[in-house]
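Right, one structure below, let's go through it.
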Amino acid sequence: MNAQTENGELEPSDKEIRLVIGASSAGTVFEWYDFFIYGTLFSLIGKAFFPSDNETLQILLVWAGFAIGFGFRPLGAILFGFLGDRLGRKYTFLVTVTLMGIATAGVGLVPSADSIGIAAPAIVILLRILQGLALGGEYGGAAIYVAEHAPKEKRGFYTSFIQASVVGGFILSIIVVLGCRFLIPEDQFNAWGWRVPFLLSIVLLGISLWMRLKLSESPVFKAMKEAGEMSGNPFVESFTYPGNKKRIFVALFGVTGILTTIWYSAFFSSLSFLQRDMRLDELTVELTLLVAGLIGMTFYVFVGRWSDRVGRKKPIIIGAILTLLLLFPSFWAMGNLANPGLAEAAKSNPVVVTGPQCSTDPFAELFKRKQSPCGDILQTLTSSGVAYELRPGETLELTVNGKAIEQGANWFEDGNARRDEIQAALTEHGFDFSRQTPPLTSLLGIVAILLVLSALSALTYGSVAALLAEMFPPKIRYSSMSIPYHIGAGYLGGFLPLIAGVIVASTGNIYSGLWYTWGVVAFGLLVAWWGLPDGPPQDFEDDA
């Protein structure tokens, strides 16, 4: 039997709460699976839809497609936030999950660029836009739906399952990819089998719709509707409601900017770093991230529950400070464990490039610009994960431990030949460009480092759904929390792999892309310290 609040409203029973959390979390897992499967299969996506002799450009184009989807999240937040505040929480996120499932399955049906040319990447980008629109409405709907069902003293705990579900979507994408790899021979998986995880989205869509159709509307929304307190224009009121501009600014930079850059550094930057820069075997990387992710999911629930006692601000501040201290050391340590030979070879046999116009343009091929010969060499070294030192000079020269590498006749016409010859020369000096499988002790060390990164993410993300729901008034809550969240997650986080990749490609330092995360977190820490409320959690009405 349902209990009553002091206002006479019926509180959901324990059974109803479990259904709310379970259905909302499962739907969130499936929706983020749809979005993340693109990133998990980034190397094969590049070969299918963005083929190029320039490996760096190919990867950057994949991450550009990833970023475009995120770039449309704010528009989805505005559209579905408006619908969520006007029509209800339940039906709005039914629409978003349907749109996401159809768009994801569509990616699996697009012919490759070899078959239909430039139409292939154009269609993929269009589908990524639809995914971004859907995701812009999903998170706010699920987070608010659970928050508005939860009792005040357990709001952080209950909504933490939504936060953990985002990691769950990433984990599910890895599980499905691993399952397909085991069931489909490697050559066939690389040729067509990678499409299966995208097509499975239709099955997940059916399950998600079945679960969510069993849910009733949020009690807070129903009470507002019955009282005639609905917002006339939630988007406009989000910026005109007293004090809301400050709250949106704090939510954008002091909350979302911190959590989203840490999250993508912990999961996608580590995925790309281990697989591409450290040249680890793809299966090894996926299994390692799977183990770390499964354990790390529990951290989000712990932090959400902890925030119900200590408040929402403290975990975020602690997580941001620790990130500034531990981000670079974590990746340095991970690199030494993953491929110590590469780091040792670079230290024992320093690579030096001398010559004029020594800067690289990672998008030169895309925009039909001619890159300098020195830039071509730098690009090859960067895509090979080789650190180098630049020295001024009038004559182009590449040396290893003081010994010059003879330039091939067609280095500057054939990127593949240049890469093969440079790697062959470096191999003679101790560099190993084969796929690596570290010993078990090193893999355990990598898992431990990934768990540290997961803990940093959990500290800054575990309590956020509850915090954002508490920051904004109920009648414009869907819009007000979705807009800053998806602007921050869409641009500060979604563009992180692309921005970090461009920084690495431009500097030749595989760790330099981390400065983007460090800078965003440092600024966000100042905003959070200034703008987030101290003390125990409070409802918006108590804080107004």
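The values are calculated or read from the model by the stated rules, or taken from the named source; none is laboratory data. What you see is a predicted model, and the numbers here were worked out from it, not measured in a lab. So basically every Cβ, Gly included, is an ideal-geometry build from the backbone, and we count neighbours across all protein chains shown.
Would you mention how many residues in the stretch 318-353 are farther than 25 Å from Arg435 by Cα, in contact with a helix residue (DSSP H, G or I) (Cβ under 9 Å, 6 or more places away or on another chain) and in a helix (DSSP H, G or I)?
First, pick out the residues of the stretch 318-353 that are farther than 25 Å from Arg435 by Cα: 318-327, 353.
Right, trim to in contact with a helix residue (DSSP H, G or I) (Cβ under 9 Å, 6 or more places away or on another chain) and you get 318-324, 326-327, 353.
Subset that is in a helix (DSSP H, G or I): 318-324, 326-327.
Residues flagged as farther than 25 Å from Arg435 by Cα, in contact with a helix residue (DSSP H, G or I) (Cβ under 9 Å, 6 or more places away or on another chain) and in a helix (DSSP H, G or I) within the stretch 318-353 amount to 9.
With the checklist (1) more than 30 Å from the chain's Cα centre (by Cα); (2) surrounded by 18 or more Cβ atoms within 10 Å (Cβ to Cβ); (3) at positive phi in hand, flag the one item Asn401 doesn't pass.
Failing condition for Asn401: (2).
Please enumerate the residues belonging to the stretch 307-317 that are over 22 Å from the mean Cα position of the chain (by Cα) and in a helix (DSSP H, G or I). Full working, then the answer.
At the first step, the residues of the stretch 307-317 found to be over 22 Å from the mean Cα position of the chain (by Cα) are 307-314.
Hits for the stretch 307-317 are Ser307, Asp308, Arg309, Val310, Lys313, Lys314.
Just for the stretch 277-286: of the residues that are in contact with a helix residue (DSSP H, G or I) (Cβ under 7 Å, 6 or more places away or on another chain) and part of a helix (DSSP H, G or I), which one is surrounded by the fewest Cβ atoms within 10 Å (Cβ to Cβ)? First the steps, then the outcome.
Looking only at the stretch 277-286, we keep the residues that are in contact with a helix residue (DSSP H, G or I) (Cβ under 7 Å, 6 or more places away or on another chain), and these are 278, 280, 282-283, 285-286.
The next check asks that each one be part of a helix (DSSP H, G or I); those that pass are 282-283, 285-286.
Working: Glu282: 18, Leu283: 15, Val285: 21, Glu286: 21.
The residue in question is Leu283.
Can you pull out the residues in the stretch 371-393 that are aliphatic (A, V, I, L, M) and within 23 Å of Asp432 (Cβ to Cβ)? Show your work before the answer.
Taking the stretch 371-393 first, the residues aliphatic (A, V, I, L, M) are 377-378, 381, 386-387, 390.
Listed by number, the residues that qualify are Ile377, Leu378, Leu381, Val386, Ala387.
Just the residues that are without any contact (Cβ under 8 Å) to a residue 24 or more places away in the chain and in a loop (DSSP other than H, G, I, E, B), please, taken from the stretch 407-449. So that I can check it myself, show each step before the final result.
Initially, the stretch 407-449 is screened for residues without any contact (Cβ under 8 Å) to a residue 24 or more places away in the chain, giving 407-410, 413, 417, 420-421, 424, 427-428, 439-441, 444, 448.
Across the stretch 407-449, the qualifying residues are Gln407, Gly408, Ala409, Asn410, Glu413, Glu428, Pro439.
Picking from Gly385, Gly375, which residue would you name as being buried (at least 17 other Cβ atoms within 10 Å of the Cβ), under 36 Å from the mean Cα position of the chain (by Cα) and part of a loop (DSSP other than H, G, I, E, B)? Give the derivation first.
On the way: Gly375 fails: part of a loop (DSSP other than H, G, I, E, B).
From the options Gly385, Gly375, the qualifying one is Gly385.
Which is more than 30 Å from Arg279 (Cα to Cα) and at pLDDT 75 or above, of Leu79, Leu10, Leu41?
Details: Leu10 fails: at pLDDT 75 or above; Leu41 fails: more than 30 Å from Arg279 (Cα to Cα).
Answer to the check: Leu79.
Looking at (1) in the same structural domain as Val452 (by TED's automatic domain parsing); (2) without any contact (Cβ under 8 Å) to a residue 24 or more places away in the chain, can you tell me which one Ser307 breaks?
(2)
Can you say whether Ile503 is in a loop (DSSP other than H, G, I, E, B), hydrophobic (A, V, I, L, M, F, W, C) and not assigned by TED's automatic domain parsing to the domain that holds Leu381, as far as the supplied structure shows?
So Ile503 does not fit the description; no.
So that you can scan it fast, the table gives a plain yes or no per residue for (1) at negative phi; (2) modelled with pLDDT of 85 or more; (3) buried (at least 24 other Cβ atoms within 10 Å of the Cβ):
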| position | (1), (2), (3) |
| --- | --- |
| Ala455 | yes, yes, no |
| Pro474 | yes, no, no |
| Arg477 | yes, no, yes |
| Gly494 | yes, no, yes |
| Trp529 | yes, yes, no |
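Would you point out the residue of the stretch 416-428, among those that are surrounded by 15 or more Cβ atoms within 10 Å (Cβ to Cβ) and not polar (S, T, N, Q), that is nearest to Leu271 (Cα to Cα)?
We begin by selecting, within the stretch 416-428, every residue surrounded by 15 or more Cβ atoms within 10 Å (Cβ to Cβ); these are 417-419, 421-423, 425-426.
Of the ones still in play, those that are also not polar (S, T, N, Q) are 417-419, 421-422, 425-426.
Working: Ala417: 27, Arg418: 26, Arg419: 23, Glu421: 27, Ile422: 25, Ala425: 28, Leu426: 25 Å.
Per the stated criteria, the residue is Arg419.
What's the number of the only condition in (1) crowded, with 21+ Cβ neighbours inside 10 Å; (2) modelled with pLDDT of 90 or more that Phe268 fails to meet?
Of (1) crowded, with 21+ Cβ neighbours inside 10 Å; (2) modelled with pLDDT of 90 or more, only one is false for Phe268: (2).
Testing Ile144 on (1) more than 21 Å from the chain's Cα centre (by Cα); (2) surrounded by fewer than 24 Cβ atoms within 10 Å (Cβ to Cβ), one condition comes back false. Which one is that?
Among (1) more than 21 Å from the chain's Cα centre (by Cα); (2) surrounded by fewer than 24 Cβ atoms within 10 Å (Cβ to Cβ), the lone unmet condition for Ile144 is (2).
Restricting to the stretch 315-339, and then to whatever is more than 30 Å from Pro536 (Cα to Cα) and without any contact (Cβ under 8 Å) to a residue 60 or more places away in the chain, can you tell me which residue is surrounded by the fewest Cβ atoms within 10 Å (Cβ to Cβ)?
From the stretch 315-339, those more than 30 Å from Pro536 (Cα to Cα) are 328-339; that's our starting set.
From what's left, without any contact (Cβ under 8 Å) to a residue 60 or more places away in the chain: 329, 336.
Details: Pro329: 11, Asn336: 15.
Taking the candidates together, the pick is Pro329.
Conditions (1) surrounded by fewer than 23 Cβ atoms within 10 Å (Cβ to Cβ); (2) at pLDDT 90 or above; (3) within 23 Å of Leu325 (Cα to Cα); (4) among the hydroxyl-bearing types (Ser, Thr, Tyr), marked per residue:
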| position | (1), (2), (3), (4) |
| --- | --- |
| Asn244 | yes, no, no, no |
| Ala292 | no, yes, yes, no |
| Gly296 | no, yes, yes, no |
| Tyr300 | no, yes, yes, yes |
| Arg305 | yes, yes, no, no |
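Can you say whether Leu390 is under 33 Å from the mean Cα position of the chain (by Cα) and either basic (Lys, Arg) or more than 24 Å from Leu280 (Cβ to Cβ) (or both), as far as the supplied structure shows?
Criteria met by Leu390.
Take the residues in the stretch 496-527 that are of a type in the set (Val, Ile, Thr) and in contact with a Gly (Cβ under 7 Å, 6 or more places away or on another chain), then tell me which one is surrounded by the most Cβ atoms within 10 Å (Cβ to Cβ).
Step one: of the stretch 496-527, the residues of a type in the set (Val, Ile, Thr) are 499, 502-504, 507, 510, 517, 520-521, 527.
Keeping just the survivors that are in contact with a Gly (Cβ under 7 Å, 6 or more places away or on another chain) gives 503-504, 510, 520, 527.
Numbers: Ile503: 16, Val504: 25, Ile510: 20, Val520: 22, Val527: 18.
Selected residue: Val504.
Out of (1) within 26 Å of Ala458 (Cα to Cα); (2) not in a helix (DSSP H, G or I), the odd one out for Pro242 is which?
(1)
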